[in-house]
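Asker: Would you mind keeping the following structure in view while I ask a few things?
The values are calculated or read from the model by the stated rules, or taken from the named source; none is laboratory data. Worth saying up front: this structure is predicted, and the values here are computed from it rather than measured. For neighbour counting, all protein chains shown are included, and Cβ atoms are generated from backbone atoms with ideal geometry for every residue, glycine included.
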Amino acid sequence: MANEIVLKKRSDGIAIVTLNRPEAMNAINRAMVRKLRDAIRDVESDEAVDVIIVAGSGGKAFCVGIDLKERQTLSDEEAAVLRLEEMFPMYSEFEAKRKPSIAVVDGHCLAGGFEIALACDLIFATPRSTFGLPEVKWGLIPAAGGCRKLPKLIGAARAKELILTASTFDAVAAERMGVINRIVSGEELMPQALEMAQCIRGNVQVAVRGAKRCMDHALDMEHSESFDIDISNGCYAAKERKEGVSQFAGRKPAHS
């Protein structure tokens, strides 16, 4: 089985978690969900790790979201189990992590992949990177944090425009709107992320984690993850969603 997630723990207290399906632009399949959950639990429980860096392999994408081609092979029952018992819990665990994290984005960062980046505390991106939450094209919604987090970052009006039109935007726009922290060349992306991680590590970690927890709580006081999942379930059961996903995956629409 391929290594869908590569975890590297450095001797300096920094762990690098790499999404490793470059042949599929790091799309999230069942194996990646399980291994990413394992990796996050590992680094969260390891007191030698203070900061987490999340990257994508291959140089084309950070992550383009759920593997819709794999989704087409699942029955409705199997897909429901994957979403409710594995995928949504993965995002919840990722958001709830105590330790600061930095997403390093080089290339496409879309849909559920963008939601992974949004679950990190900082985002560094290369100039060629693109971002977006295009789920409504497929009859879905960004239920893994996008509908909650993006409005709080950039304001409700702008977030609604981007989500309801399924728009993508480049790194310059992302930095201008406050979605990402900085634009960095490809050669400097990981070195600058490591430098930032070391800067964070230079402080008292109990205070770093406490400050992070306070800010996360303040940003998510009206936590509505369960509401998002309920709405997502309604979309997922709709005939239009099945047709939209089938068309995107390059297959004849499945009628039920």
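Asker: List pairs: first residue in the stretch 165-181 and more than 13 Å from Val105 (Cα to Cα), second residue of a type in the set (Ser, Thr, Tyr) and outside any helix (DSSP H, G or I) anywhere in the structure, Cβ distance under 9 angstrom, at least six positions apart or on different chains.
Answerer: Close Cβ pairs satisfying both conditions: Thr168/Thr130; Phe169/Thr130.
Asker: Going by what's in this entry, would Ile5 be described as touching a helix residue (DSSP H, G or I) at 6+ places or on another chain (Cβ under 7 Å), of a type in the set (Val, Ile, Thr) and modelled with pLDDT under 95? I'd like the intermediate steps shown before the answer.
Answerer: On the way: touching a helix residue (DSSP H, G or I) at 6+ places or on another chain (Cβ under 7 Å): yes; of a type in the set (Val, Ile, Thr): yes; modelled with pLDDT under 95: yes.
So Ile5 passes the test.
Asker: Can you find, within the stretch 1-48, the residue that is farthest from Met87 (Cα to Cα) among those that are surrounded by fewer than 17 Cβ atoms within 10 Å (Cβ to Cβ) and among the aliphatic types (A, V, I, L, M)?
Answerer: This residue is Ala48.
Asker: Go through the stretch 108-126 residue by residue and tally those that are in a helix (DSSP H, G or I) and either of a type in the set (A, V, I, L, M) or surrounded by fewer than 24 Cβ atoms within 10 Å (Cβ to Cβ) (or both). Don't jump to the end; show me each part of the working.
Answerer: First, pick out the residues of the stretch 108-126 that are in a helix (DSSP H, G or I): 111-118.
From what's left, either of a type in the set (A, V, I, L, M) or surrounded by fewer than 24 Cβ atoms within 10 Å (Cβ to Cβ) (or both): 111, 116-118.
Count: 4.
Asker: Among the residues that make up the stretch 72-85, is at least one of them within 27 Å of Ser129 (Cα to Cα) and among the aliphatic types (A, V, I, L, M)?
Answerer: no
Asker: Could you say whether any residue in the stretch 72-80 is of a type outside the set (Val, Ile, Thr), touching a residue at least 12 places away in the same chain (Cβ under 8 Å) and buried (at least 19 other Cβ atoms within 10 Å of the Cβ)?
Answerer: Taking every residue of the stretch 72-80 in turn, none turns out to be of a type outside the set (Val, Ile, Thr), touching a residue at least 12 places away in the same chain (Cβ under 8 Å) and buried (at least 19 other Cβ atoms within 10 Å of the Cβ).
Asker: Same structure again: Is at least one residue of the stretch 206-226 basic (Lys, Arg), under 17 Å from Ile53 (Cα atoms) and at pLDDT 95 or above? Explain how you work it out, then say what you get.
Answerer: Applying the first criterion (basic (Lys, Arg)) to the stretch 206-226 yields 209, 212-213.
Checking the rest, the ones that are also under 17 Å from Ile53 (Cα atoms) come to 209, 212.
With at pLDDT 95 or above added as a condition, the list becomes none.
Checked the stretch 206-226: no residue is basic (Lys, Arg), under 17 Å from Ile53 (Cα atoms) and at pLDDT 95 or above.
Asker: Let me ask something else about it. Taking the stretch 137-161 only, how many residues are part of a helix (DSSP H, G or I) and surrounded by fewer than 19 Cβ atoms within 10 Å (Cβ to Cβ)? Write out each step before concluding.
Answerer: Step one: of the stretch 137-161, the residues part of a helix (DSSP H, G or I) are 137-138, 146-154, 156-161.
Still in the list and also surrounded by fewer than 19 Cβ atoms within 10 Å (Cβ to Cβ): 137, 151-154, 156-158, 160-161.
Count: 10.
Asker: Quick one: Ile66 ticks every box in (1) surrounded by 21 or more Cβ atoms within 10 Å (Cβ to Cβ); (2) modelled with pLDDT under 95; (3) at positive phi bar one, so which box is it?
Answerer: Every listed condition holds for Ile66 apart from (3).
Asker: Restricting the first residue to the stretch 212-228 and requiring it to be more than 16 Å from Ser101 (Cβ to Cβ) and assigned to a helix (DSSP H, G or I), which pairs with a second residue that is of a type in the set (Ser, Thr, Tyr) and at pLDDT 55 or above meet a Cβ separation below 9 Å and a spacing of at least six or different chains?
Answerer: From residues that are more than 16 Å from Ser101 (Cβ to Cβ) and assigned to a helix (DSSP H, G or I), the pairs are Glu225/Tyr91; Glu225/Ser92.
Asker: Yes or no: Glu175 outside any loop (DSSP other than H, G, I, E, B), at pLDDT 95 or above, of a type in the set (D, E, K, R) and more than 24 Å from Phe88 (Cα to Cα)?
Answerer: Working: outside any loop (DSSP other than H, G, I, E, B): yes; at pLDDT 95 or above: yes; of a type in the set (D, E, K, R): yes; more than 24 Å from Phe88 (Cα to Cα): yes.
So Glu175 passes the test.
Asker: Cβ-Cβ below 8 Å, separation at least six or inter-chain, first residue in the stretch 187-200 and within 21 Å of Gly59 (Cβ to Cβ), second of a type in the set (D, E, K, R) and surrounded by fewer than 17 Cβ atoms within 10 Å (Cβ to Cβ): which pairs?
Answerer: As it stands, the answer is Gln192/Arg182, since those pairs meet every condition given.
Asker: If you scan the stretch 1-38, which residues turn out to be in a loop (DSSP other than H, G, I, E, B) and within 25 Å of Asn203 (Cα to Cα)? So that I can check it myself, show each step before the final result.
Answerer: Start the filter on the stretch 1-38 by keeping residues that are in a loop (DSSP other than H, G, I, E, B), which leaves 1-4, 10-13, 20-21, 25-27, 29.
Within the stretch 1-38, Arg10, Ser11, Asp12, Gly13 meet the criteria.
Asker: Another question about this same structure. Quick check on Pro134: is it surrounded by fewer than 22 Cβ atoms within 10 Å (Cβ to Cβ) and either in contact with a strand residue (DSSP E or B) (Cβ under 6 Å, 6 or more places away or on another chain) or not small (Gly, Ala, Ser) (or both)? Write out each step before concluding.
Answerer: Working: surrounded by fewer than 22 Cβ atoms within 10 Å (Cβ to Cβ): yes; either in contact with a strand residue (DSSP E or B) (Cβ under 6 Å, 6 or more places away or on another chain) or not small (Gly, Ala, Ser) (or both): yes.
Against the criterion (surrounded by fewer than 22 Cβ atoms within 10 Å (Cβ to Cβ) and either in contact with a strand residue (DSSP E or B) (Cβ under 6 Å, 6 or more places away or on another chain) or not small (Gly, Ala, Ser) (or both)), Pro134 qualifies.
Asker: Among the listed residues Ala31, Ala48, Ala61, identify the single one that is within 29 Å of Ile141 (Cα to Cα) and without any contact (Cβ under 8 Å) to a residue 40 or more places away in the chain. Walk me through how you get there before you give the answer.
Answerer: Values: Ala48 fails: within 29 Å of Ile141 (Cα to Cα); Ala61 fails: without any contact (Cβ under 8 Å) to a residue 40 or more places away in the chain.
None of the other options fit; the residue is Ala31.
Asker: Considering only the stretch 83-96, I want to know if a residue exists there that is over 26 Å from Gly178 (Cβ atoms), surrounded by 21 or more Cβ atoms within 10 Å (Cβ to Cβ) and at pLDDT 95 or above.
Answerer: Checking the stretch 83-96: not a single residue is over 26 Å from Gly178 (Cβ atoms), surrounded by 21 or more Cβ atoms within 10 Å (Cβ to Cβ) and at pLDDT 95 or above.
Asker: When Lys69 is evaluated against the numbered criteria (1) under 12 Å from the mean Cα position of the chain (by Cα); (2) part of a helix (DSSP H, G or I), which criterion, by number, is the only one it fails?
Answerer: (1)
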